[in-house]
Structure formats: structure tokens, C-alpha cells
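Heads up, the thing below is written out as C-alpha cells.
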Amino acid sequence: MISIITTIYKAEKYLPRLLDSMMALKSPDLEFFLIDNGSPDSCGEICAEYAKKDSRFFLYCLKENIGYIKARMLGIRECHGEYVGFCDSDDFLEPGGYDKAFQIIKEQDCDLYITAHKTHFDEVIQFNLPPFTNGTYEGEAIINGILPQAFGFLKGRERLHGFMWKQIYRKSILCYNGFTLNENLKPWEDQVLNIDMIQHCERIVVDDTVIYNYFANSGSVTSSMITDFDAEGFWRNVKALYLEKSKRAHFRIERRANANSAVYLMDLMVVSLCKDKSLSSANIVTKLSELLSEDNVAHEVYSLAHVSDMNNRLRLVKNCLRFHCYRLLVGIIRHKLKKPR
């Protein structure tokens, strides 16, 4: 059985779409483990109505909101499936996706199933394939072919995004090894969990079956972080993520990929500052200098990241930050932001 864990809070607008997509799946070997995370609206009642229609729904109600990370960990402990998948309440499942996924998992007896998804940007739908070739990976193939990209991107090799809803995990590995989601790494806590999981897998299946539809909306955790941008908090989280991944990086290629990923997030930080019209370019230059010039983690990132892995934009960002050319970098980015698309 696969338990699909969904934490729900203030989601009554989108919830019926999700629950309908769950009901449309045919497999009796699915459990829809719904956690009403103290939602003050009618989410609990909506879930209860669906549970009356379909015995695969299991509703777990909390009186108070404990945050989505703690709620997910609760779901992992309490759900009944041998495998666990995850879902956000404002997204929905692909018709037939989990039905096919269960058959593949059953046939392959894998520990981790990595698959494809769709991303919805308003009226545009983007297909996102796994960053690996379809197939079954074991032993050295996991260490060399899967694990490095869980740390970050490499030349010609995309990173494995952390999003938990595009993977299906063997529950016993998560629980037996005591893996957890670290709230201090929010919203990237799933990246570290993926690394922990992959390092303990004996067999991983990569398949391009779409199981999930993700909506990139302005209300998401990541989007709100960029809208209400706190550079100090953002950099603190980037460092925490980098250091947690560093503890798990046993090979040079993993350390390199981790540093590359940190540069990508540093670029995001600079762009977010440049988008803030209340800040002058001089203010941004001062802020970057205060945050990065004497920071040991930043300098370690610069020394380990490889420009050969990067596109022209990230090469520019890395080199400008490394050599403290903040004014040049801010000027270039703000000029590009002004250009009509």
C-alpha cells in the first residue's frame, strides 16, 4: 500500500479539486492520509464528506496548527502504507499516475521511486522529467548516478529538486533510520531528507510517469519568502542547508555539487534584493558586503564551486561575489531587470 500524506490548512478553495483527483485513481492499494492541521475553515468537513464516499480516505484531525513539517512527520509515523508519497493541498494528482506507479514499485520492490510531474504557471503547463535516465539503480549506480545530483547540479547533470511530492519512499527506511525534516532548513528541508534516504537505498527506480500536478502560485512558502525578502534570514538558511549537506558529502563530487547549489541560491538572493525598489543600488552593495565579504561559508563555497558546471549567469554571480565586485553585479542585474521581456 502507498499512503499519500496531505497536510491541510486553509485550503477549502482548492481541496475538492485534489480530493476528486484522488478518488479518480483506481487502485485499492492507495491510502489518502489527510491531516487537518487545525484549519479554521471547512477543510475538516470537506475531508469527512469524501471519507464517507471512499474508504481509502483516512482523516487525522489536529486541534491546533503545528506547521506543515511537523504534520508531515506525524503522517509518516501514523499512516498505514508500506510506502509514502506526499501531496500539497493546493495541487492535484495526475489521472492514473499513482495507479501505474504502484504497479512499478510492486514489480521492482524498490526503496525509492523518482518520477515526473507537471508544473502549472497560470495557463502554461511545463512537463518536468527526472534528471536521470529511466531505469533501476543499485549499488555503485546509486552512489555515482543518483546521489551527487541530490547535493546539487553538475556539468550536464541537473540537480534533483527536493520536492517530496515527486518521489515515493519506502516507509521503513524513513522510520527505522530516524530521518526527520529540519524546520530550520525551511523551505529546503526536503533536500536533506532526500540525501539521507538515497544514501540508505539499495534499489531506486527512475520513471517518467507523471504522478503530480504542481501549481506555482504566489502564496507558496518559497514565493512569499521572496516577496517579503529578508536577506539576513535567507543567507542564514542557505548556510544552514549548505552545512547540513556538507556533513553528508563524503566525496569531492558531492561537495562540488553542494557548492554549486549554494551559488544558485546566492544568485536568487542577489536578484531578490535587486527587485526591491525601496533599496538603492548602494544599499544593496552594502548589504552584500556585510553578509558575504568576511563569511567563511561563502568563501568555502567559492573555492569548491566549479564555473565549468555553470551557465554564463551563474559564472558571473560566482566570480563577482568571490572578488567582491558587488557594484558591478548589482548594476548588471538591475539593468537586465529593466529590460522588457
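Read-outs throughout are calculated quantities, based only on the coordinates presented, and are distinct from any laboratory measurement. What you are looking at is a predicted structure, and each value in this text was computed from that prediction instead of being measured. Neighbour counts are summed over all protein chains in view; Cβ atoms, including those assigned to glycine, are modelled from backbone coordinates with ideal geometry.
For segment 223-327, the list of GluC sites (Glu not before Pro) that fall in a loop by DSSP and count at most 16 other C-beta atoms within 10 angstrom reads 294. Within the shell of other residues whose beta carbon sits under 11 angstrom from the beta carbon of residue 244, the net charge comes to +2, with Lys and Arg scored +1 and Asp and Glu -1. Where only DSSP H runs of four or more residues are counted, the chain gives -14500 deg cm²/dmol as its mean residue ellipticity at 222 nm, each run worth -39500 (n - 2.57). Only Cα pairs within less than 10 Å get springs; with that Gaussian network setup on the chain, which residue of 319, 237, 182 has the largest fluctuation? Per the Cα network of the chain with a 10 Å cutoff, 319 tops the list. Across all directions, the average flat footprint of the convex hull enclosing the Cα atoms of segment 229-338 is 6.4 nm².
Considering only beta bridges that DSSP places wholly inside segment 2-215, some 40 percent are antiparallel.
Taking Cα atoms only, the orientation of helix 326-338 departs from the longest principal axis of the chain by about 60 degrees.
Evaluate the Kirkwood expression for the hydrodynamic radius of the chain, namely the inverse of the mean inverse distance over all pairs of different C-alpha atoms, and round to one decimal in Å. 21.3 Å is the Kirkwood radius here. Applying a 4.7 Å cutoff between beta carbons, the unpaired cysteines of the chain are 43, 47, 61, 79, 87, 110, 175, 201, 274. Ranking 173, 231, 71 by Cα position along the charge dipole of the chain, where only Lys, Arg, Asp and Glu carry charges on their C-beta atoms, puts 231 farthest toward the positive end.
Seen from residue 55, the other residues with C-beta closer than 15 Å to its C-beta sum to a net charge of 0, counting Lys and Arg as +1 and Asp and Glu as -1. Computed over neighbours whose Cβ is under 11 Å from that of residue 134, the net charge equals -2, Lys and Arg +1, Asp and Glu -1. With respect to the chain, whose longest principal axis is taken over its alpha-carbon atoms, helix 43-53 is tilted by about 40°. With the simple spin-label model, which puts each label point 7 Å out from Cα in the Cβ direction, the residue 53 to residue 17 separation comes to 1.6 nm. Helix 281-292 and the long axis of the chain differ in direction by around 70°, with both axes built from C-alpha atoms.
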